[in-house]
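Notes follow once the structure below has been shown.
The values are calculated or read from the model by the stated rules, or taken from the named source; none is laboratory data. Here the structure is a predicted model, which means the values were calculated and not measured. Virtual Cβ from ideal backbone geometry, glycine too; neighbours counted across all protein chains shown. Protein only, heavy atoms only, side chains kept; ligands, DNA and RNA dropped before computing areas. Shrake-Rupley method; radii C 1.70, N 1.55, O 1.52, S 1.80 Å.
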Amino acid sequence: MVQKPLKRTLSMILAGALTLSLAACGGGAKTDSGTDNTTASSGGDKPSDKKVTITFQNIQPDPSTPSYKMTHAIVEEYQKANPNVKIELDTLNTDQQKMKLKTQAASKEVPDITIVNPAAQMKPFVDAKLLAPLNDVIDKNGLKDTYQPGLLDYYSFDGNVYALPDGNNIEVVYYNKELFKQAGIDKVPTTFDEMLADVKALKAKGITPIAIGEKDSWTGSFLFMNILLRTNGGPGFLKDVVDGKKKFDDPAFKLAVDRFQDLVQAGAFPDGATSIDANAGGNIFKSGKAAMWVIGTWETGAIDASSVAGKVGAFQFPTVDGKGDLNEFMLAPGSAFAVSANSEHLQETKDFLNYFALNLPKKQFELKNAVGLGQKVDGDLKAAGYSELAIEVASLFNNIKGGDLAFDNTMNPATAQVHLSSIQNLFVQKADSAQVAQEHQAAFEANK
């Protein structure tokens with residue numbers, strides 16, 4: 001498990017500056033599309049004539065989103081510059097991809113490029129020697145210098161980098177200003193009780209208060225962890241459990257369970273939330289059918305590309321029973337691109353990934369999706385015509401005092417799975433918080 005001191009966590013949160021600093025991309029002649037021919041042809045080496053197919057597993061299934069467009073644009077440009085290389089996209093949603101990768105890993109058939117998550121989630125794949133070290137990839141064409149300081153540490157073990165992140169985000173509450181107005185809500189909530197009151201006001205008007213897709217169980221967990229961050233009075237609850245300083249029967253954890261259930265019992269979420277996947281859950285908000293969406297800032301560009309563009313603002317998760325700091329957030333070092341150690345085309349795959357990672361920030365900036373990137377970008381958000389929402393979200397990064405990583409990025413996979421299932425069950429039936437705590441503690445003790 002990778003544990004980071006607070007200073008390191010804070011040093012990597014640089015994405016919020018309204019003027020983003022210059023990305024150190026490798027030099028080379030540019031085509032009319034802005035593609036770097038040097039990086040497109042394996043860092044300046046003469047392209048091979050050998051026909052190669054690279055399987056690129058990804059989690060961008062929605063064609064309407066900027067990240068989908070970015071992925072396809074870079075792949076198409078690379079294939080045009082390297083006609084001997086075919087990039088075969090294996091596109092899944094997040095939970096589908098996690099499940100498929102586990103099956104592939106069991107048979108040691110990891111695709112050439114796959115998606116992993118930081119720290120504890122990716123460690124089993126590294127321990128099983130299924131992922132190739134990428135030190136040579138980041139050392140080529142100045143790629144390493146494009147990443148925010150400290151960010152790659154979440155994807156590193158024993159001095160080797162094993163994955164390249166696509167973002168570095170915080171979790172916020174997006175809200176639809178028009179729906180708030182319809183429910184008579186004239187200000188955003190800063191306390192949990194105010195949020196509950198808003199939920200009830202929205203529900204009374206027939207408006208879904210909070211969008212979620214809990215079929216993909218990470219969504220409920222991520223929301224729950226905001227509450228725990230507050231009831232604990234700040235970051236570090238899970239680290240204290242790991243270090244033996246606290247147990248899950250701590251009052252902070254039980255209170256978080258109770259307050260989460262207050263949202264469920266108030267009807268905050270869509271009916272049948274556990275049968276709605278994360279993509280569909282997000283679309284409830286993006287189609288104007290829900291008033292709030294508690295999610296990472298990676299969704300800013302997608303919101304701006306949706307039918308609610310111009311109607312949305314963002315605020316920090318509120319304090320809970322007087323506890324917590326609005327400027328402490330759930331931190332989300334992004335999902336990341338990893339390369340199979342058993343790839344039949346290891347060098348060609350690494351060459352493509354280097355090109356992809358170098359071009360990702362530029363493409364995302366062009367697509368108005370640069371807020372929350374893990375890499376430096378050349379450009380000014382306001383001058384480039386970014387929305388008020390994007391600039392508002394970017395400003396939230398400026399005041400970050402710290403925060404926590406997601407549960408499944410902190411705990412071992414077996415304990416994390418018990419947690420995900422336990423929180424998911426709260427959407428279906430009310431549970432005693434002491435029993436929920438006991439389930440968590442038993443799983444932790446059994447899987448130390």
Problem set entry | Largest-first ordering by accessible area, 1.4 Å probe, given options Thr55, Thr114, Thr190 | Thr190, Thr55, Thr114
Exercise. Out of residues 5 or more away from Asn168 or on other chains, whose amide H comes under 5 Å of its own, with H placed 1.01 Å from N in the peptide plane?
Worked result: Gly334, Leu373, Gly374
For this session: Give the Rg/Rh ratio for the stretch 316-410, taking Rg as the radius of gyration of the Cα atoms and Rh as the Kirkwood radius, to two decimals.
Result: 1.08
Problem set entry | R0 of 45 Å, Cβ-Cβ distance Lys108-Gln429: FRET efficiency to nearest 0.05 | 0.70
Exercise. Roughly to the nearest percent, how much of the accessible area of the stretch 304-355 is carbon and sulfur, given a 1.4 Å probe?
Worked result: 42 percent
For this session: Could you tell me the convex hull volume per residue, in Å³, taken over the Cα atoms of the stretch 144-287?
Result: 161 Å³
Exercise. How many angstrom lie between the C-alpha centres of the stretch 401-432 and the stretch 169-211?
Worked result: 24 Å
Seminar exercise, completed: Rounded to whole Å², per residue accessible area for the chain with a 1.4 Å probe reads 40 Å²
Exercise. Can you pull the percent of Cα pairs in the stretch 281-323 with separation above 15 Å?
Worked result: 42 percent
For this session: With a cut-off of 12 Å, note down the residues of the stretch 222-260 whose backbone N falls inside the zone around a label point 7 Å from the Cα of Asp325 toward its beta carbon.
Result: 233-236
Seminar exercise, completed: Compactness check, the chain: C-alpha Rg relative to the 2.2 N^0.38 Å globular estimate gives 0.96
Problem set entry | Modelled FRET efficiency - R0 30 Å, Ala128 with Leu89, Cβ distances, 0.05 increments | 0.75
Seminar exercise, completed: Computed from the beta carbon distance with a Förster radius of 41 Å, FRET efficiency for Thr190 and His72 to the nearest 0.05 stands at 0.50
For this session: Grab the alpha carbons of the stretch 241-371, take their convex hull, and tell me the volume per residue in Å³.
Result: 208 Å³
Problem set entry | Additional length obtainable on full extension of the chain from Ala446 to Leu346, 0.36 nm per residue less Cα span | 32.2 nm
Exercise. Using the alpha-carbon centroid of each, what span in Å lies between the stretch 235-301 and the stretch 323-350?
Worked result: 22 Å
